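These notes are about the structure you will find just below.
The values are calculated or read from the model by the stated rules, or taken from the named source; none is laboratory data. On a predicted model such as this, the values are computed, not experimentally measured, just so you know. Here the Cβ positions follow ideal geometry from the backbone for every residue, glycine too, while neighbour counts run over all protein chains shown. Only protein heavy atoms, including side chains, enter the accessible area calculation; ligands, DNA and RNA are left aside. Shrake-Rupley method; radii C 1.70, N 1.55, O 1.52, S 1.80 Å.
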Amino acid sequence: MPRMNPGTRTDTTASSPKIGFVSLGCPKALTDSELILTQLRAEGYDTSKTYAGADLVIVNTCGFIDDAVKESLDTIGEALAANGKVIVTGCLGARAAEGGGNLVREMHPSVLAVTGPHATQEVMDAVHLHVPKPHDPFIDLVPAPATDIGVKLTPRHYAYLKISEGCNHRCTFCIIPSMRGGLVSRPIGDVLGEAQRLFESGVKELLVISQDTSAYGVDVKYRTGFFDGKPVKTRMFDLCAKLGELAAAHGAWVRLHYVYPYPHVDEVLPLMAEGLVLPYLDVPLQHSHPDVLKRMKRPASGERNLERIQRWREACPEIVIRSTFIAGFPGETEDEFEHLLDFMRAAEIDRAGCFAYSPVNGAVANELPGALPTAVREERRARFMEVAEALSTAKLARRVGATMQVLIDSAPALGRRGGAGRSYADAPEIDGVVQLLPPDKASKVLKVGEFTRARIVGTQGHDLVAQPI
Ligand code: SF4
């Protein structure tokens, strides 16, 4: 069964209706899954780890690239075959088929309901219709405690904090705005309240996510909200400063994802230099050449990205920059591609991923002239990755001999057999890890969710090898 998530409820009775849940896709989809699972739990539903044991299955889908669409459609088919009662939610649920109808309904007409992303209430309405809500006088009458952080699908020591939904940009290769709609920023008081509860519950690393973190608050004109009785603006800098304060009080990390290189992002660098926010920026640049960026209609495409990154490095020399790129975008010339490789070397991007351009059904870029043969796109991707890997290897090698703070992700037998963790330079799932050797001292133990200092003794591929001290 693909990634069937068990949820965490333990206090329902044996007769509670059981819901199976499959969560596919990115961290933003994961937070939608957490909201639905939290609501199911609050209403007294139980979760099932198997299709067969469930009264109904919810599949949260991804529709971003063709492989993700296929995985989602296959999973829906599998759930239908094994269980028969399936509700579909998520990005793919909002996708139209070529003829204009709903893609999921056309491929799987027997699904019970289909919703788009961030549709907790619609999903719950569909659940109520097909598997009536269990009546539990205690659950129905007692409100959730203020400290309840809901169901989390990440390990206990890190959590994603979604600050907004949707996106106001119209990148030509992307269909997210048509699936998730325009930017809607969450009220700053709600976001900070959630962060505080997460830190209080033991979260040691908060990963800020959205489609465009730098655009936070644009839709509400940076409205002033309230947190802890004090005014705070709905604005990226104010959010980061406050999150940094909360994190410092709990000895935790804040990591920023999906930040575009707008001038106002410079304001956040001092927070990194002061240690309030991790000196790590996930900046999905996609390309460097101004003409390609224009064809892509990328946010901040008019900015001088190389100069900006160099200034960031001056303001905070330890900053790590992660980015993603597309090779072989329609019309990309060999010169434009070379420009990208030169940019990579000059900007010394620490962590880079690269996709060979692949047309996404419904994206405007499909109509652009100059589509490149698959072999050229793949060959450019491979050349890009060679440069990226050489940069990453050189950067990792420079860390040998240094001492770093490592957040422990796994530590079998309290670290007696070593373990694995991450430094500020490694986001979970997408970057490398720090492989921890067994501690020298018998008295030193490693525990998941705690920090240890570690001396870097070597490298292995994208990972560092370190001795806990
Ligand atoms: S910024 Fe561009 S790529 Fe990202 S979600 Fe918005 S439209 Fe899509």
Practice problem: For Cys240, work out the one condition from (1) modelled with pLDDT of 95 or more; (2) surrounded by fewer than 20 Cβ atoms within 10 Å (Cβ to Cβ); (3) more than 16 Å from the ligand (Cβ to nearest atom) it doesn't fulfil. | Solution: (2)
Quiz item: Does Pro359 satisfy the criteria of being within 30 Å of Ala94 (Cβ to Cβ) and either away from the ligand (no atom under 16 Å from the Cβ) or surrounded by fewer than 16 Cβ atoms within 10 Å (Cβ to Cβ) (or both)?
Solution: yes
Self-check item: Test result for Gly331, more than 18 Å from Glu205 (Cα to Cα), small (Gly, Ala, Ser) and more than 20 Å from the chain's Cα centre (by Cα)
Solution: yes
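Residues are listed down the side, and each one gets a yes or a no for (1) at pLDDT below 85; (2) out of contact with any Ser or Thr (no Cβ under 6 Å at 6 or more places or on another chain):
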site	(1), (2)
Leu37	no, yes
Thr50	no, yes
Ala54	no, no
Ile58	no, yes
Ser72	no, no
Glu98	yes, yes
Quiz item: Among the residues of the range 55-96, which ones are of a type outside the set (Val, Ile, Thr), over 20 Å from the mean Cα position of the chain (by Cα) and open to solvent by less than 10 Å² (accessible area, probe 1.4 Å)?
Solution: Leu56, Ala79
Quiz prompt | Residues (buried (at least 20 other Cβ atoms within 10 Å of the Cβ) and among the polar types (S, T, N, Q)) located in the range 197-212 | solution = Ser210, Gln211
Self-check item: Residue tally, condition over 30 Å from Thr333 (Cβ atoms) and either buried (at least 20 other Cβ atoms within 10 Å of the Cβ) or under 25 Å from the mean Cα position of the chain (by Cα) (or both), over the range 380-423
Solution: 15
Quiz item: Which members of the range 213-237 meet the condition of being open to solvent by 10 Å² or more (accessible area, probe 1.4 Å) and within 16 Å of the ligand (Cβ to nearest atom)?
Solution: Ala215, Val218, Asp219
Quiz prompt | Near pairs, Cβ below 7 angstrom, 6+ apart or cross-chain, from the range 150-175 (within 25 Å of Leu285 (Cβ to Cβ) and of a type in the set (S, T, N, Q)) to any residue that is within 16 Å of the ligand (Cβ to nearest atom) and part of a loop (DSSP other than H, G, I, E, B) | solution = Ser164/Leu183; Ser164/Ser210; Ser164/Tyr216; Asn168/Gly182; Asn168/Leu183; Thr172/Lys297; Thr172/Ala363; Thr172/Leu368
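State which residue is nearest to the ligand (Cβ to nearest atom) when the search covers only the range 176-212 and only residues that are in a helix (DSSP H, G or I) and touching a residue at least 60 places away in the same chain (Cβ under 8 Å). Show your work before the answer.
At the first step, the residues of the range 176-212 found to be in a helix (DSSP H, G or I) are 176-180, 188-200.
Subset that is touching a residue at least 60 places away in the same chain (Cβ under 8 Å): 176, 178-180.
Numbers: Ile176: 4, Ser178: 9, Met179: 9, Arg180: 8 Å.
It comes out as Ile176.
Of all residues being more than 15 Å from the ligand (Cβ to nearest atom) and of a type outside the set (D, E, K, R) in the range 286-301, which is least open to solvent (accessible area, probe 1.4 Å)? Just the residue, please. Give the derivation first.
Filtering the range 286-301 for residues more than 15 Å from the ligand (Cβ to nearest atom) gives 288-291.
The next check asks that each one be of a type outside the set (D, E, K, R); those that pass are 288-290.
Details: Ser288: 16, His289: 34, Pro290: 63 Å².
Restricting to residues being more than 15 Å from the ligand (Cβ to nearest atom) and of a type outside the set (D, E, K, R), the top hit is Ser288.
Pick from the range 243-256 the residues that are open to solvent by 10 Å² or more (accessible area, probe 1.4 Å) and within 20 Å of the chain's Cα centre (by Cα): which of them is farthest from Pro279 (Cα to Cα)? Explain how you work it out, then say what you get.
Residues of the range 243-256 open to solvent by 10 Å² or more (accessible area, probe 1.4 Å): 245-246, 248-253.
Still in the running and within 20 Å of the chain's Cα centre (by Cα): 252-253.
Details: Ala252: 14, Trp253: 10 Å.
Once the filter is applied, the top-ranked residue is Ala252.
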Quiz item: Val59 fails exactly one of the following numbered conditions: (1) closer than 24 Å to Ser16 by Cα; (2) touching a residue at least 60 places away in the same chain (Cβ under 8 Å). What is the number of that condition?
Solution: (2)
Quiz prompt | Checking Ser443 against (1) within 30 Å of Phe325 (Cβ to Cβ); (2) part of a loop (DSSP other than H, G, I, E, B); (3) of a type in the set (Ser, Thr, Tyr), the condition it does not meet | solution = (1)
Exercise. Please work out which residue is surrounded by the fewest Cβ atoms within 10 Å (Cβ to Cβ), limiting yourself to the range 135-181 and to residues that are of a type in the set (Lys, Arg) and modelled with pLDDT under 85.
Key: Arg156
Quiz item: Within the set of pairs 6+ apart or on separate chains, which have a first residue in the range 364-382 that is of a type in the set (Asp, Glu), a second that is surrounded by 15 or more Cβ atoms within 10 Å (Cβ to Cβ) and outside any helix (DSSP H, G or I), and C-beta atoms under 8 Å apart?
Solution: Glu378/Gly328; Glu378/Ala356
Quiz item: For the range 304-354, which residues satisfy the criterion of being within 23 Å of Glu379 (Cβ to Cβ) and of a type in the set (Lys, Arg)?
Solution: Arg345, Arg351
Practice problem: State whether one or more residues within the range 268-285 are within 21 Å of the chain's Cα centre (by Cα), surrounded by fewer than 22 Cβ atoms within 10 Å (Cβ to Cβ) and within 16 Å of the ligand (Cβ to nearest atom). | Solution: yes
Exercise. Please go through the range 243-267 and pick out each residue that is more than 16 Å from the ligand (Cβ to nearest atom), part of a strand (DSSP E or B) and either of a type outside the set (Lys, Arg) or modelled with pLDDT under 95 (or both).
Key: Trp253, Val254
Quiz item: If you check every pair at least six apart or on different chains, which have Cβ atoms under 6 Å apart with a residue in the range 315-337 that is over 20 Å from Pro359 (Cα atoms) first and a residue that is part of a strand (DSSP E or B) second?
Solution: Val320/Tyr280; Ile321/Leu281; Arg322/Asp282; Arg322/Arg351; Ser323/Ala352
